[in-house]
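Trainee: Quick one: the structure is below, questions incoming.
The values are calculated or read from the model by the stated rules, or taken from the named source; none is laboratory data. What you see is a predicted model, and the numbers here were worked out from it, not measured in a lab. When we count neighbours, we look across all protein chains shown, and the Cβ atoms used for this are built from the backbone with ideal geometry, even at glycine. Remember, those area values only see protein heavy atoms, side chains included, never the ligands or the DNA or RNA. Shrake-Rupley method; radii C 1.70, N 1.55, O 1.52, S 1.80 Å.
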Amino acid sequence: MADNSTLVAVSAFSGLAGALFTQLINLANTYFTDSRKQKFEVDTQLRNKKMEIGESFFYVTGEKLTAIKKNIAFWKNGNKFRTDKSLEFLYKETAKFNTYMEKLNADNWKFNLISLYFDISFTNEEVARSNERSHELYLSYLDLAEGIRNAAGEAKEALFKRYAVVLFDMCDHYEEIYNRLEHDMGIVRTQLLGDFQNS
């Protein structure tokens, strides 16, 4: 009888241990399944956000590149035509360019998040420094254009010489910006394609 009760106790203990072991395996399996599912969801959200930011960057950068190229062409010809009408036209085009660039930056806040998701070379800090240089050149341009409108004779000719230098500096500055933005578009494109090939 004692052997029988010992056998029942051992069997009961074995059954309990088996049930506990099965529960532990089920809990571990559920935990790892949930962890994988959560990681997949987080990775998907990150990839979607990265794509959204990358698309915004492509749109804004494409618009900027088009505007920059157009205005560089105007500025390069700006010193060839010295009539009041041509100066007025260039002045209006430059004002429209600056207004459009400011609107692009203001309306497309996602563009400013690009360095969070991509390893670009033209960082926000460098963009800020570049914007300061752009404003300096623009103000010089405005001052000289106004001076030329109000000057005559030798004074006007001296202002045209300084005006030509400012236009040259603006072209040089914006060509550098153009090249850096174009380079970063390539970086973003390569990283996006790499992400999708690895997913």
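Trainee: Say each of Asp195 and Thr66 gets a label point 7 Å from the Cα, pointing the same way as Cα to Cβ; how far apart are those two points in nm?
Mentor: The modelled label-to-label distance comes out at 2.5 nm.
Trainee: Same structure again: Two decimals, Cα atoms only, Kirkwood Rh: what is Rg/Rh over region 50-114?
Mentor: Checking Rg against Rh, the ratio lands at 1.14.
Trainee: Would you work out which of Ser86, Tyr178, Trp75 lies farthest towards the positive end of the dipole of the chain, given +1 charges on the beta-carbon of Lys and Arg and -1 on that of Asp and Glu, about the Cα centre?
Mentor: About the Cα centre, the residue reaching furthest to the positive side is Ser86.
Trainee: Can you work out the FRET efficiency for the pair Tyr91 and Glu176, with r the C-beta to C-beta distance and R0 = 22 Å, to the nearest 0.05? Each step should come with its number before you reach the end.
Mentor: Working: r = 23 Å, r/R0 = 1.05.
The computed FRET efficiency comes out at 0.40.
Trainee: Now, a different point. Mind pulling the per residue volume of the convex hull built on the Cα atoms of the chain? Å³ is fine.
Mentor: Taking only Cα atoms, the chain has a hull volume of 121 Å³ per residue.
Trainee: With every protein chain left in place, what is the accessible area per residue of region 19-144 in square angstrom, probe 1.4 Å?
Mentor: 66 Å²
Trainee: Write down the Å³ per residue value for the convex hull defined by the alpha carbon atoms of region 142-192.
Mentor: Details: hull volume 2.9 nm³, N = 51.
Spelled out: Cα convex hull of region 142-192, divided by residues, is 57 Å³.
Trainee: Same structure, new question: Straight-line reach from Lys85: which aspartates and glutamates have a Cα under 14 Å away, not including same-chain ones fewer than 8 places off?
Mentor: Leaving aside aspartates and glutamates fewer than 8 places away in the same chain, those within reach of Lys85 are Glu93, Glu146.
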